[in-house]
Amino acid sequence: MRRTETVVIGGGQAGLAMSRCLTDARVDHVVLERGRVAERWRRGSWDSLRLLTPNWQSRLPGFRYDGPEPDAYMSAPDVVGFLDRYARSFRAPVEEDTRVLAVERTAGGYRVTTDRGAWDAPSVVVATGHCDTPFVPPVARQLPADVVQVVPGLYRNPRQLPEGGVLVVGASSTGVQLADEIHASGRPVTLAVGRHTRLPRVYRGRDILWWLDAMGTFDEPAGEVFDLAASRNQPSLQLVGRPDRATLDLPGLQERGVRLAGRVAGIEGPRVELADDLVAYTAAADSRLARLLQRIDVFAARTGLDAEVGPAEPFRPFLWPAAAPPEIDLRAEGIRSVVWATGFRRLYPWLKVPVLDERGEIRHEGGVTALPGLYVIGLYFLRRRKSSFIDGVGRDAMELATHLAAHLRRAA
Ligand SMILES: Cc1cc2nc3c(=O)[nH]c(=O)nc-3n(C[C@H](O)[C@H](O)[C@H](O)COP(=O)(O)OP(=O)(O)OC[C@H]3O[C@@H](n4cnc5c(N)ncnc54)[C@H](O)[C@@H]3O)c2cc1C
């Protein structure tokens, strides 16, 4: 049995940021990682994946991108290199190839059992990621066995899919990127569209994320949003980080030949029923985007940026989605694979303490759970809008490390 003051579970950006802040606070700790540092970026990414956030936005406590291309977007191997360098920069005490099997209460705090021995500690930080396990709707089980089903974490490139058409379900950043790439490889693609957040890559000559950063949108605290549960369920940004800084949106995909459809409403064997909601979702996304661009224009005028940036650009709503099919017969249309780009969920079968809600999510207030000494970090909108981003987890880590250090002092 080994002892330390804090066990951090997970060696991604959240676990490392926490480790850096605990190091600064002189809290003895260990980071347990079932694979290697940045494991998710080593194994869970498709070949062409690049960050949506520009390099200048890769900022962690005591470390930031300082290369020659601040406006470019990192590939997955770049992110691995970045996080590896971060871990080395402060000699993060990471134990790799160590999978946590159980976290249980003890008189003095917690026992963390791994496949390489156990640790006792008065505090534990769960940093196993918001995008932990792909969410695939239960209706997927109704598909015929000969239809290949793929989740983004296991998708690498179009060559991996069988010949024939492809149905991509979900039109957030992952869904639109995969639909575009698979279509470009010569397959007919249908994209089933649900709630999404349309964004141009560049507006008035600046990256859209530059605007959101400048306006403080990502800093919005969880305590100040009108409906936190709804905000935590918002779809990811419909963006792609290409070297040409191209916008990837539904009008562009339709123009290139991707067939757009409504949400998957039901499946019975090869017959996929599609909801009549494509226009409603695209109109809602357009209306949110129009409001955002107006806010940017007001901000630019108020702050004197008007003189520095390009002129206001006309907003082009997606007025004419082509008639969406109410149903697809996969066999009749030669569609032989379905890509589920339907988001993620989190599973904690090893968390043997009463901290999960009825949906299996960790109950917390800004990362602090009701169990003394137990924390969670890296979840979407944990403390502010950017909590799950590389650029956002650092501030949460600083605040949680302060809380945790105070807890250890009280416990001592
Ligand atoms: C496709 C995609 C694109 C993204 N693009 C961006 C982007 O452009 N910019 C941005 O800022 N954010 C982006 N994100 C969001 C976020 O940055 C990533 O999800 C990031 O991986 C989150 O880091 P994390 O440390 O919270 O979790 P993870 O990177 O998931 O790290 C968790 C770690 O915990 C380990 N682990 C899990 N269970 C156990 C266990 N039982 N025992 C030991 N170890 C365990 C895992 O192996 C993993 O290494 C993207 C996310 C996805 C899915």
VAL124 passes all but one of the listed conditions (1) in contact with a strand residue (DSSP E or B) (Cβ under 6 Å, 6 or more places away or on another chain); (2) under 25 Å from SER185 (Cα atoms); the exception is number (2)
Just the residues that are surrounded by 20 or more Cβ atoms within 10 Å (Cβ to Cβ), among the aliphatic types (A, V, I, L, M) and in contact with a Phe, Trp or Tyr (Cβ under 8 Å, 6 or more places away or on another chain), please, taken from the range 100-132. VAL100, VAL103, VAL112, ALA121, VAL124, VAL125, VAL126
With the checklist (1) open to solvent by less than 30 Å² (accessible area, probe 1.4 Å); (2) touching a helix residue (DSSP H, G or I) at 6+ places or on another chain (Cβ under 7 Å) in hand, flag the one item GLY10 doesn't pass. (2)
Residue tally, condition of a type in the set (Lys, Arg) and under 20 Å from ASP329 (Cα atoms), over the range 249-304: 3
Listed by first then second residue, the pairs whose first member lies in the range 115-126 and is over 12 Å from VAL27 (Cβ atoms) and at pLDDT 95 or above, whose partner is among the acidic types (Asp, Glu) and surrounded by 20 or more Cβ atoms within 10 Å (Cβ to Cβ), with beta carbons under 6 Å and at least 6 positions apart or on separate chains, are none
Residue satisfying condition, being within 27 Å of LEU408 (Cα to Cα) and of a type outside the set (Ser, Thr, Tyr), within set GLY44, GLY81, GLY67, GLY12: GLY12
Taking the range 28-49 as the region of interest, how many residues are touching a Gly at 6+ places or on another chain (Cβ under 6 Å) and either open to solvent by 20 Å² or more (accessible area, probe 1.4 Å) or charged (D, E, K, R) (or both)? 3
Looking at this structure, is HIS407 more than 15 Å from the ligand (Cβ to nearest atom) and surrounded by fewer than 18 Cβ atoms within 10 Å (Cβ to Cβ)? no
Take ASP71 and tell me if it is charged (D, E, K, R), under 27 Å from ASP180 (Cβ atoms), without any contact (Cβ under 8 Å) to a residue 60 or more places away in the chain and surrounded by fewer than 24 Cβ atoms within 10 Å (Cβ to Cβ). no
Among (1) away from the ligand (no atom under 16 Å from the Cβ); (2) under 30 Å from ALA14 (Cα atoms), the one test that ASP297 misses: (2)
Mind listing whichever residues of the range 390-403 are touching a residue at least 60 places away in the same chain (Cβ under 8 Å) and surrounded by fewer than 22 Cβ atoms within 10 Å (Cβ to Cβ)? ASP391, MET398, THR402
Condition first: open to solvent by 30 Å² or more (accessible area, probe 1.4 Å), of a type in the set (Val, Ile, Thr) and within 13 Å of the ligand (Cβ to nearest atom). Now tell me which residues in the range 335-389 satisfy that. THR342
Restricting to the range 263-305, count the residues that are assigned to a loop (DSSP other than H, G, I, E, B), open to solvent by 70 Å² or more (accessible area, probe 1.4 Å) and of a type in the set (S, T, N, Q). 0
Filtering the range 211-254 down to residues that are open to solvent by 20 Å² or more (accessible area, probe 1.4 Å) and among the polar types (S, T, N, Q) yields THR217, ASN233, GLN234, SER236, THR247, GLN254
Among the residues of the range 338-389, which ones are β-branched (Val, Ile, Thr) and touching a residue at least 24 places away in the same chain (Cβ under 8 Å)? VAL338, VAL339, THR342, VAL353, ILE362, VAL368, VAL376, ILE377
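Let's see how each residue does on (1) acidic (Asp, Glu); (2) in contact (Cβ under 8 Å) with a residue 24 or more places away in the chain; (3) out of contact with any Phe, Trp or Tyr (no Cβ under 9 Å at 6 or more places or on another chain):
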| site | (1), (2), (3) |
| --- | --- |
| GLY164 | no, yes, yes |
| ALA192 | no, yes, yes |
| ALA229 | no, no, yes |
| GLY241 | no, yes, no |
| VAL272 | no, yes, yes |
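The values are calculated or read from the model by the stated rules, or taken from the named source; none is laboratory data. What you see is a predicted model; the values in this text were computed from it and never measured. Note that each Cβ is placed from the backbone with ideal geometry, even for glycine, and that neighbours are counted across all protein chains shown. We work out accessible area using only protein heavy atoms, side chains counted, and drop any ligands, DNA or RNA first. Shrake-Rupley method; radii C 1.70, N 1.55, O 1.52, S 1.80 Å.
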